[in-house]
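My questions will all concern the structure given below.
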Amino acid sequence: MRMNDGGRRRGSGARSRFPDDARPETEVPDEASESKRRKADNPEQQARDIVYRLLAARARSRSELRQALLRKGIDEDIADGVLQKFVDAGLVDDASFAEEWVNSRQRAQGLGRKALGFELRRKGIDEHLVEAALSTVDSDAEAERARELVQRKLRSMSSLDHAAKMRRLVGMLARKGYSEGLAFRVVREEIERSGAEAPDPDLDTT
């Protein structure tokens, strides 16, 4: 065992070189931990933070935000109170959301009125707001969007006969939410425009 100049022993049992009042802190909470603790103590602030984060990603309906808050364990009364403040501030507006959703989905996905209405109702938009948003869809623009979809699909269907083209194209537009009447009209016109001959209705194809 080694001895220092004063005759005291040195080794694993030696006194720490830090005085008692200068020992490094081992359990000092960091900022993130402290922030989490404060949020846990203030569920209203936690709810606001969740809403801000969701709205930063994209616009959302009030119902979507409410469901997200409840999934995070926020009490219903607190969730409703916080959301009402966002509504009062104009940051959550189901009417504007519905109109923007319709314009965006029609332009990007080529969806028809039926599909758009279904999506809005699934997002918890009130029926009168759904109808108001769908009324903004221009009939000519809707038909033109359907026509674009059919033209694009027709390019890969040259080997099919008239009946097969009609069946597949009408089905595609139906899945996109277009009415049956619009779908048949657009598909028939585009097939004729492409030069494909329609079958003779007087021929028995059974």
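Tell me yes or no: at least one residue of the stretch 76-96 is more than 22 Å from A133 (Cβ to Cβ), modelled with pLDDT under 90, out of contact with any strand residue (DSSP E or B) (no Cβ under 7 Å at 6 or more places or on another chain) and open to solvent by 50 Å² or more (accessible area, probe 1.4 Å).
Checking the stretch 76-96: not a single residue is more than 22 Å from A133 (Cβ to Cβ), modelled with pLDDT under 90, out of contact with any strand residue (DSSP E or B) (no Cβ under 7 Å at 6 or more places or on another chain) and open to solvent by 50 Å² or more (accessible area, probe 1.4 Å).
Please go through the stretch 46-81 and pick out each residue that is acidic (D, E) and farther than 22 Å from V102 by Cβ.
Of everything in the stretch 46-81, those that are acidic (D, E) and farther than 22 Å from V102 by Cβ turn out to be D49, D75, E76, D77, D80.
While we're looking at this one, here's another question. So if I check each of D88, D75, D94, which one is of a type in the set (D, E, K, R), farther than 24 Å from L182 by Cβ and touching a Pro at 6+ places or on another chain (Cβ under 7 Å)?
Just one listed residue meets the conditions, D75.
Also, quick follow-up: Which residue pairs have Cβ atoms under 6 Å apart, sit 6 or more places apart or on different chains, and have a first residue in the stretch 175-196 that is open to solvent by less than 20 Å² (accessible area, probe 1.4 Å) and a second that is basic (K, R) and in a helix (DSSP H, G or I)?
As it stands, the answer is G177/K114; V186/R147; I191/K165, since those pairs meet every condition given.
From the list E127, E100, which one is free of Cβ contacts under 8 Å to residues at least 24 places away in the same chain and open to solvent by 20 Å² or more (accessible area, probe 1.4 Å)?
From the options E127, E100, the qualifying one is E127.
Please determine whether any residue of the stretch 39-52 is at pLDDT below 55 and outside any strand (DSSP E or B).
yes
Report yes if M166 is more than 30 Å from L55 (Cα to Cα) and buried (at least 17 other Cβ atoms within 10 Å of the Cβ), otherwise no.
Criteria met by M166.
Just give me the residues in the stretch 53-79 being outside any loop (DSSP other than H, G, I, E, B) and farther than 17 Å from I125 by Cβ, in sequence order.
Scanning the stretch 53-79 gives R53, A56, A57, L69, L70, R71, E76, D77, I78, A79.
Taking the stretch 130-150, which residues are among the small types (G, A, S) and open to solvent by less than 20 Å² (accessible area, probe 1.4 Å)?
A133, A143, A146
The values are calculated or read from the model by the stated rules, or taken from the named source; none is laboratory data. Remember, predicted model here, so these are calculated numbers, not experimental data. Please note: Cβ atoms are built from the backbone with ideal geometry, for glycine as well, and neighbour counts cover all protein chains shown. Keep in mind that these areas ignore ligands, DNA and RNA; they rest on the heavy atoms of the full protein, side chains included. Shrake-Rupley method; radii C 1.70, N 1.55, O 1.52, S 1.80 Å.
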